[in-house]
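In what follows, a structure is listed as structure tokens, so that the remarks can point back to it.
The values are calculated or read from the model by the stated rules, or taken from the named source; none is laboratory data. These numbers were taken from a predicted model, which means no experiment stands behind them. We place every Cβ from the backbone using ideal geometry, glycine too, and count neighbours over all the protein chains shown. We work out accessible area using only protein heavy atoms, side chains counted, and drop any ligands, DNA or RNA first. Shrake-Rupley method; radii C 1.70, N 1.55, O 1.52, S 1.80 Å.
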Amino acid sequence: MAGLFITLEGMDGAGKSTHIPTILQLLASGGREVVSTREPGGTPLGEELRELLLHREMHVETESLLMFAARAEHLQQVILPALQRDAIVVSDRFTDASYAYQCGARGLPMHKMQQLEQWVQGELQPDVTLLFDVPVEVSLQRLASARTPDKFEAQGAEFFARLRSQYLKRAADYPQRFRVIDAHRPIEEVKKTVEEIILSI
Ligand SMILES: Nc1ncnc2c1ncn2[C@@H]1O[C@H](COP(=O)(O)OP(=O)(O)O)[C@@H](O)[C@H]1O
Ligand SMILES: [Mg+2]
């Protein structure tokens, strides 16, 4: 596949959305088509599933299956066609988030997640994953002053701690794909790091 698949990961409040405009602008200046999308969501059906996922309580297995149902639609309708026509795809979250939230924070056994991943994605993986990393308290503080929390954002510090450690574990397990960004710095400094990474890609 010719395109480039970039994913943004990190806890709620880490700063992903804040830096998306910079990332898109910089990538677009290279002249290639850039597709900006997000998970859960990214398609009309996926956005409907997002509403359920972010606001309805459900068993972690149900949650994982719905996430991957949305992801299958997203891949087939948006991501794969874009990569096939040589575009750069930037997705605000992807499968690393499922490992972090459903396995790390909510306890789904890893082998079940691996089965879903294999089934829906086959061998497809992001080319580069930017992990916005902040201490748990920072994430919670930013969320408290930024917005009304969804189901995941309303969880406490222990949930967030499990989330963060699973994200960092994945970054350590896949060092060739992950770029870990210290996002506990002023926005301008984080932005500089993000720009350097994008230019290096
Ligand atoms: N480096 C930073 N320093 C201070 N506040 C930040 C920083 N990055 C983001 N924020 C603020 O934190 C909140 C959450 O940021 P956001 O980009 O929405 O995070 P995410 O998309 O990862 O959940 C927003 O109010 C944002 O302005
Ligand atoms: Mg966001």
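May I ask you to verify whether residue 57 is within 28 Å of residue 162 (Cα to Cα) and in a helix (DSSP H, G or I)?
No, not satisfied.
Please determine whether any residue of region 95-116 is under 15 Å from the mean Cα position of the chain (by Cα) and surrounded by fewer than 21 Cβ atoms within 10 Å (Cβ to Cβ).
No, region 95-116 has no match at all.
Test residue 20 against the stated conditions and say whether it is on the phi < 0 side of the Ramachandran plot, within 16 Å of ligand 2 (Cβ to nearest atom) and in a helix (DSSP H, G or I).
yes
Taking the options 90, 78, name whichever one is closer than 29 Å to residue 33 by Cβ, under 12 Å from the mean Cα position of the chain (by Cα) and touching a residue at least 40 places away in the same chain (Cβ under 8 Å).
Being closer than 29 Å to residue 33 by Cβ, under 12 Å from the mean Cα position of the chain (by Cα) and touching a residue at least 40 places away in the same chain (Cβ under 8 Å) holds for just one of 90, 78, which is 90.
Looking at 125, 84, which one is under 20 Å from residue 169 (Cα atoms) and open to solvent by 30 Å² or more (accessible area, probe 1.4 Å)?
Only one candidate qualifies: 125.
Looking only at region 141-194, how many residues end up being open to solvent by less than 60 Å² (accessible area, probe 1.4 Å), more than 16 Å from ligand 2 (Cβ to nearest atom) and not hydrophobic (A, V, I, L, M, F, W, C)?
Qualifying residue count for the region: 5.
Could you please let me know if residue 137 is out of contact with any Cys (no Cβ under 8 Å at 6 or more places or on another chain), open to solvent by 30 Å² or more (accessible area, probe 1.4 Å) and part of a helix (DSSP H, G or I)?
Yes.
Tell me, please, whether a residue that is assigned to a loop (DSSP other than H, G, I, E, B), in contact with a helix residue (DSSP H, G or I) (Cβ under 9 Å, 6 or more places away or on another chain) and free of Cβ contacts under 8 Å to residues at least 60 places away in the same chain can be found in region 158-171.
So far as region 158-171 goes, no, none of its residues is assigned to a loop (DSSP other than H, G, I, E, B), in contact with a helix residue (DSSP H, G or I) (Cβ under 9 Å, 6 or more places away or on another chain) and free of Cβ contacts under 8 Å to residues at least 60 places away in the same chain.
If only one of 51, 63 is open to solvent by less than 10 Å² (accessible area, probe 1.4 Å), part of a helix (DSSP H, G or I) and away from ligand 1 (no atom under 14 Å from the Cβ), which one is it?
Selected residue: 63, the only one of 51, 63 that is open to solvent by less than 10 Å² (accessible area, probe 1.4 Å), part of a helix (DSSP H, G or I) and away from ligand 1 (no atom under 14 Å from the Cβ).
Taking the criterion of being more than 16 Å from ligand 2 (Cβ to nearest atom), of a type in the set (Lys, Arg), more than 30 Å from residue 201 (Cβ to Cβ) and open to solvent by 50 Å² or more (accessible area, probe 1.4 Å), would at least one residue in region 25-42 satisfy it?
No - not one qualifying residue is present in region 25-42.
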